[in-house]
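*Asks:* Handing you this structure, nothing more for now.
The values are calculated or read from the model by the stated rules, or taken from the named source; none is laboratory data. Since we're looking at a predicted model, the values are computed, not measured. Positions of Cβ are backbone-derived with ideal geometry, glycine not excepted, and every protein chain shown enters the neighbour counts. Accessible surface is based on the protein model in full, side chains and every heavy atom, while ligands, DNA and RNA are left aside. Shrake-Rupley method; radii C 1.70, N 1.55, O 1.52, S 1.80 Å.
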Amino acid sequence: MKGGGCKESFVAWEFCMQEAESKKEDLVEKCYQVTGRLMACMEQHADYYEPILRAEKAMKEEVARGLEQDRGGPSEAITD
């Protein structure tokens, strides 16, 4: 992460996460903006960060599938 064009964004994100953990603060709430900047930077430098972006996308898809299964999936929709 520190080798690509988003080194500064990553270092800021890492610092935010460490600070939130040490103060027992909500990670998502405290680091929302810095996380957004990091993700935007990674998308701008997708050639370098593509493996990480691909893993992030796969994880989001897996979570979405899990939520869909917990809700009973789309197959439970009422049809006429």
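*Asks:* Cβ-Cβ under 9 Å, sequence separation 6+ or interchain: first residue in the range 2-24 and aliphatic (A, V, I, L, M), partner not in a helix (DSSP H, G or I). Which pairs?
*Replies:* V11/M1; V11/K2; A20/D26
*Asks:* Continuing with this model, one more query. Filter the range 18-32 for residues that are within 13 Å of the chain's Cα centre (by Cα) and surrounded by 11 or more Cβ atoms within 10 Å (Cβ to Cβ) and give the result.
*Replies:* Scanning the range 18-32 gives L27, C31, Y32.
*Asks:* Right, here's the next one. Scan the range 37-53 and give yes if some residue there is touching a Cys at 6+ places or on another chain (Cβ under 8 Å), without any contact (Cβ under 8 Å) to a residue 24 or more places away in the chain and open to solvent by 50 Å² or more (accessible area, probe 1.4 Å), otherwise no.
*Replies:* No, the range 37-53 contains no residue that is touching a Cys at 6+ places or on another chain (Cβ under 8 Å), without any contact (Cβ under 8 Å) to a residue 24 or more places away in the chain and open to solvent by 50 Å² or more (accessible area, probe 1.4 Å).
*Asks:* For the range 13-28, give me the residue count where each residue is modelled with pLDDT of 95 or more and either part of a helix (DSSP H, G or I) or among the aromatic types (F, W, Y) (or both).
*Replies:* 10
*Asks:* So which residues in the range 1-17 are among the small types (G, A, S) and surrounded by 13 or more Cβ atoms within 10 Å (Cβ to Cβ)?
*Replies:* G4, G5, S9, A12
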